[in-house]
Amino acid sequence: MVKNGSEILVEVLVEQGVDTIFGYPGGSVLNIYDALYQNSGRIRHILTAHEQGASHAADGYARSTGKTGVCLATSGPGATNLVTGIATAYMDSIPMVAITGNVGTSLIGRDSFQEVYIAGITMPITKHNFVVRNVEELADTLRDAFRIANTGRPGPVLVDIPKDVTAATCEYIPGAPLPIEEPPAAPEAQVREIAALINASERPVIYYGGGVELSDASEALFALMQKADIPSAHTMMAIGCIPDSEPLSLGMIGMHGTVSADWAVERSDLLICLGARFSDRVATDTRRFAPDAKIVHVDIDAAEINKNIGVDVSAVSDASKFLTAVLPLVEPAKHDAWRAQIEEWRVKLDYKPKDDESVIHPHQLLRTLAEETPEDTIIATDVGQHQLWSSQYNYRKHVRQFLTSGGLGTMGFGYGAAIGAQFAYPDRTVVHITGDGSFHMNLNEMVTAVSYDLPIITVIMNNRVLGNVRQWQTMFYGKRYSATDPQRKTDYVKLAEAFGARGCRVSNIAELRAALVEARKRKGPFIIDCLIDKDERVLPMIPAGGTIDDMVVD
């Protein structure tokens, strides 16, 4: 079959099982959009308001499904508008293929209209990127892009296609997705060494991250916890792997983690890190982290071993493969004294905010949200105080229900991610939790939700300031509030109506509950403007570079 480059692109996307892509048209991708028009029954294209929104939507689609997200943009500013979304996916190990058009090959290097070297720009934030110079190479390059995005530690891959390549023709030979290499497994000797450490430990703790979710290892992890009586703490990227309601779950670890989780790590004699990377939001002081513990690190990416924390034993392995191998070697155990000590910390030290239904406190907002939405609701957040509160009081019981930018911390991520998740699961409730600062970053994507009649519920924690930065200014900068009180007068209810959505404003829990009931009845997007006090703080908090001895709880 003789096909042009744009038709070949569509055929390969179909081969890879792609049914939805997110993008924005432009001159360099006109041929591709023509092919998409002619194949609209095979691939659904979602037009976003901005290319960054397309990249976040592809990311949210991937996070919620486990599939590869795909986004498409034209050359120049279209391509550069994807950069933040690509970096977001890279930092959180999300499989994505970003396709960009470029000027024709004869115009490259001439500072042509809308020409930019996007492959060079994105080199540090992709697993790999390609510039396709010949139409005969296009199909195999695209297949390789999907293979790389999903091999080992997942991540984004960029494919840049000059316009003349999208128009050139060649013989197209149908193919199939390339086989994904088996993820690495720890050598038996390492597994036995780690099992021996577990069996000898009296105060073990498991600290796990997004690698557990990505490898579908939640059940195996829970089996290990129960068999060896090991409490666990999770990172933000692993919310939902083990419900926080489980007795062995200590909740979130780190700067804004539970006091009992952080004390458990501090006093442990064995810390097992699974699919996490000892980031600065967890190991706030790497010189004094888990000072009395033997540290074991299991990660699929060899580059993470000994990068942030020096460890005693390591294994380069997929989390699921490691857990499957180590579980039979671990002896059943009970750590009653250790569990009793942790329970004492929970009762005496864990932060317990006070309820007041006459106003809206963040912890009550999130509890009410959980009560008024189905258990399978997907939460997408932006970045700031609302994200941290949503992590602390998350109520998620399953994986791929909590979508957030953990590594890059991208304000404006949430609405695009919610759009991607809603297209992936049209029959599930999707809630976008944001702050007024983050919402201003990408509120234009509301038009996308309106155009496609997506029933996304946006909950704005509106404190009328840039809350997270302001909190740091309150605590560490003598209350010098530089550029954190923007004095904006945005009326979010009127804004929603102007875009063609619905909205309401609430100031207490009863009003919030009624608004959530109303929002779930409506078709199309709904905005709930929740008024909260600007002095609400995210607690507990370990200051950057501090230890648990520096923890602030009031």
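The values are calculated or read from the model by the stated rules, or taken from the named source; none is laboratory data. Every value quoted in this text rests on a predicted model; they were computed, and no experiment measured them. Note that we place each Cβ from the backbone using ideal geometry, even for glycine, and neighbour counts take in every protein chain shown. Note: accessible area is taken over every heavy atom of the protein model, side chains too, but ligands, DNA and RNA are not part of it. Shrake-Rupley method; radii C 1.70, N 1.55, O 1.52, S 1.80 Å.
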In the stretch 360-385, how many residues are without any contact (Cβ under 8 Å) to a residue 40 or more places away in the chain and in a loop (DSSP other than H, G, I, E, B)? 1
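Listed here are the residues, each with its yes/no results for (1) touching an Asp or Glu at 6+ places or on another chain (Cβ under 9 Å); (2) open to solvent by less than 60 Å² (accessible area, probe 1.4 Å); (3) of a type in the set (V, I, T); (4) at pLDDT 95 or above.
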site	(1), (2), (3), (4)
A293	yes, yes, no, yes
V296	yes, yes, yes, yes
V313	yes, yes, yes, yes
S317	yes, yes, no, yes
F322	no, yes, no, yes
P328	no, no, no, yes
A333	yes, yes, no, yes
A337	yes, no, no, yes
E343	no, no, no, yes
Examine the stretch 515-532 for a residue that is touching a Pro at 6+ places or on another chain (Cβ under 7 Å), part of a loop (DSSP other than H, G, I, E, B) and farther than 15 Å from V431 by Cβ, and state whether such a residue exists. yes
Give the residue that is nearest to the chain's Cα centre (by Cα), with candidates limited to residues of the stretch 119-147 that are in a helix (DSSP H, G or I) and among the polar types (S, T, N, Q). T122
So G437 passes all but one of these: (1) touching a Leu at 6+ places or on another chain (Cβ under 7 Å); (2) within 24 Å of E372 (Cβ to Cβ); (3) of a type outside the set (S, T, Y). Which condition number does it fail? (2)
Do the conditions hold for V347, that is, is it hydrophobic (A, V, I, L, M, F, W, C), under 20 Å from G467 (Cβ atoms) and either open to solvent by 20 Å² or more (accessible area, probe 1.4 Å) or at pLDDT below 95 (or both)? no
Just to check your reading of the model, which residue among S112, S106, S64 is assigned to a helix (DSSP H, G or I) and open to solvent by 10 Å² or more (accessible area, probe 1.4 Å)? S106
Give me the pairs, please: first residue somewhere in the stretch 516-528 and at positive phi, second residue anywhere and at pLDDT 95 or above and among the β-branched types (V, I, T), beta-carbon distance under 8 Å, and either six or more positions apart or on two chains. G524/V450
I'm checking my understanding of the structure. Among residues of the stretch 76-101 that are in contact with a Phe, Trp or Tyr (Cβ under 9 Å, 6 or more places away or on another chain) and surrounded by 24 or more Cβ atoms within 10 Å (Cβ to Cβ), which one is nearest to L214 (Cα to Cα)? P95
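Going by what's in this entry, would I378 be described as farther than 23 Å from A238 by Cβ and crowded, with 22+ Cβ neighbours inside 10 Å? Let's see the steps before the verdict.
Values: farther than 23 Å from A238 by Cβ: no; crowded, with 22+ Cβ neighbours inside 10 Å: yes.
When the stated conditions are applied, I378 does not pass them.
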I'd like to check something: does the stretch 41-60 contain any residue that is in contact with a Phe, Trp or Tyr (Cβ under 8 Å, 6 or more places away or on another chain), closer than 18 Å to V157 by Cα, not β-branched (V, I, T) and not in a helix (DSSP H, G or I)? no
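Within the bounds of the stretch 261-272, is there any residue that is of a type in the set (S, T, N, Q) and under 28 Å from the mean Cα position of the chain (by Cα)?
Residues of the stretch 261-272 of a type in the set (S, T, N, Q): 268.
In the following step, the residues that additionally are under 28 Å from the mean Cα position of the chain (by Cα) were identified as none.
No, the conditions are met nowhere in the stretch 261-272.
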Considering only the stretch 157-171, I want to know if a residue exists there that is surrounded by 18 or more Cβ atoms within 10 Å (Cβ to Cβ), modelled with pLDDT of 95 or more, of a type in the set (S, T, N, Q) and farther than 26 Å from T105 by Cβ. no
Do we have any residue at all in the stretch 273-282 that's touching a helix residue (DSSP H, G or I) at 6+ places or on another chain (Cβ under 9 Å) and outside any loop (DSSP other than H, G, I, E, B)? yes
Looking for something under 29 Å from R520 (Cβ atoms), without any contact (Cβ under 8 Å) to a residue 60 or more places away in the chain and surrounded by fewer than 18 Cβ atoms within 10 Å (Cβ to Cβ) - is there at least one such residue anywhere in the stretch 469-490? yes
